[in-house]
Amino acid sequence: MKIITIVGPTASGKTGRAVDVAKALSGEIISGDSRQVYRGMDLGTGKDLDEYGDVPYHLIDICKAGEKYNLHRYLQDFNVVLKDIESRGSQPILCGGTGMYVEAALSGIVMPEVPENKELRERLSAEPLDGLIEILKGYKVLHNVTDVDTVKRAIRAIEIEEYYLQHPEEALKADRNSATPLDSVIIGVDVPRDVRRARISERLQKRLDVGMVDEVKGLIDSGIDPEDLIYYGLEYKYLTLHVIGKLSYEEMKSQLEIAIHQFAKRQMTWLRGMERRGFKINWLPYDLSPNNFVSAVKSLLK
């Protein structure tokens, strides 16, 4: 059975589209989002759980906030869930905005478990983020810096690349060129830039209005280290900085809005890069009616 994959930038409405397709094709949705795995991080990650209704979903709320989930764990979990869905004869639908996770899953690569390198971490601990990114560029070509936007993430990325350098046999497993890609029809939700920007701004205001700041306060009050929340980036970075008194509300909102717009742009850059790397993305207009969108997906499956 072909996997249906639905991708697009944040606020493109891809979750709702995945739900429409799942209802029409007896499908189950596998999240391809690196932050929706965390329990209690709902508004900030845009889970929109009320959209799913009775459609089964997977890889959402599977670990505690404060944990360090990563690509290796995601691929392990993804493959277990995919086999389970297929064993029951349901239609798997991969939906998400973390391009690295989606591309790795569709590539069929196997990520080795990379252990902590304490000596390397100590050596790099005093380096600024810009310096760490330059070091990382010495290991590989960076398509973007979406997932190395904090010092911790950048150090972990260098740690992984150093491990691959020392263990080429493990690196080979993670090499897409030696992997067997999954059979998938990829649908992209195509949103014009000006519409995307307006939807992002509107969505941010709605989430702030219904308690996104309180969500972060609650996470910190539950004992989660603010630095762990900042590690997750975007909403949790800026909201946490506001909650701990380093940004005013207006500073937080303004900087966060800019950051989300930049993130959406990087998401589109990643998706265009996927196309250059051989993935065919079938772009459908964001404003198609649900019936027409589902009909288009059905046609592409044939």
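The values are calculated or read from the model by the stated rules, or taken from the named source; none is laboratory data. Remember, predicted model here, so these are calculated numbers, not experimental data. Backbone-built Cβ (ideal geometry, glycine too); neighbour counts: all protein chains shown. All accessible areas refer to the heavy atoms of the entire protein, side chains included, with ligands and DNA or RNA removed. Shrake-Rupley method; radii C 1.70, N 1.55, O 1.52, S 1.80 Å.
A few comments on the model shown:
- Within region 218-242, residues that are under 15 Å from residue 208 (Cβ atoms) and without any contact (Cβ under 8 Å) to a residue 24 or more places away in the chain have Cβ atoms under 9 Å from residues that are of a type in the set (D, E, K, R) and open to solvent by 40 Å² or more (accessible area, probe 1.4 Å) in these pairs: 238/251; 238/253; 241/251, counting only partners at least 6 apart in sequence or on another chain.
- Top-ranked residue of region 8-66 - restricted to ones that are within 21 Å of residue 265 (Cα to Cα) and among the basic types (Lys, Arg), ranked as nearest to the chain's Cα centre (by Cα): 35
- The single condition from (1) open to solvent by 70 Å² or more (accessible area, probe 1.4 Å); (2) not in a loop (DSSP other than H, G, I, E, B) that residue 139 fails is (2).
- Scanning region 110-135 for residues that are of a type in the set (A, V, I, L, M, F, W, C) and at pLDDT 90 or above, we see that the one that is nearest to residue 163 (Cα to Cα) is 120.
- Pairing residues of region 284-295 that are under 14 Å from residue 190 (Cα atoms) with residues that are open to solvent by 60 Å² or more (accessible area, probe 1.4 Å) and among the charged types (D, E, K, R), at Cβ distances under 7 Å and at least 6 apart in sequence or on separate chains, gives 284/190; 285/190; 286/190.
- Single residue of region 142-183 satisfying the filter (without any contact (Cβ under 8 Å) to a residue 12 or more places away in the chain and closer than 16 Å to residue 103 by Cα) that is least open to solvent (accessible area, probe 1.4 Å): 142
- Spans of helices (runs of 4 or more DSSP H) in region 1-111 with at least 1 residues open to solvent by 20 Å² or more (accessible area, probe 1.4 Å) and under 20 Å from residue 228 (Cα atoms): 71-87
- Residues located in region 245-272, provided they are open to solvent by 70 Å² or more (accessible area, probe 1.4 Å) and either on the phi > 0 side of the Ramachandran plot or not in a helix (DSSP H, G or I) (or both): 246
- Region 112-131: number of residues that are open to solvent by less than 30 Å² (accessible area, probe 1.4 Å) and part of a helix (DSSP H, G or I): 3
- Checking every residue in region 184-202 against the condition of being in contact (Cβ under 8 Å) with a residue 60 or more places away in the chain, open to solvent by less than 90 Å² (accessible area, probe 1.4 Å) and closer than 17 Å to residue 109 by Cα gives at least one match.
- Scanning region 172-206 for residues that are assigned to a loop (DSSP other than H, G, I, E, B), over 21 Å from the mean Cα position of the chain (by Cα) and among the small types (Gly, Ala, Ser) yields a single hit, 179.
- Set 228, 214: member being at pLDDT below 95 and either within 12 Å of residue 44 (Cβ to Cβ) or crowded, with 16+ Cβ neighbours inside 10 Å (or both): 228
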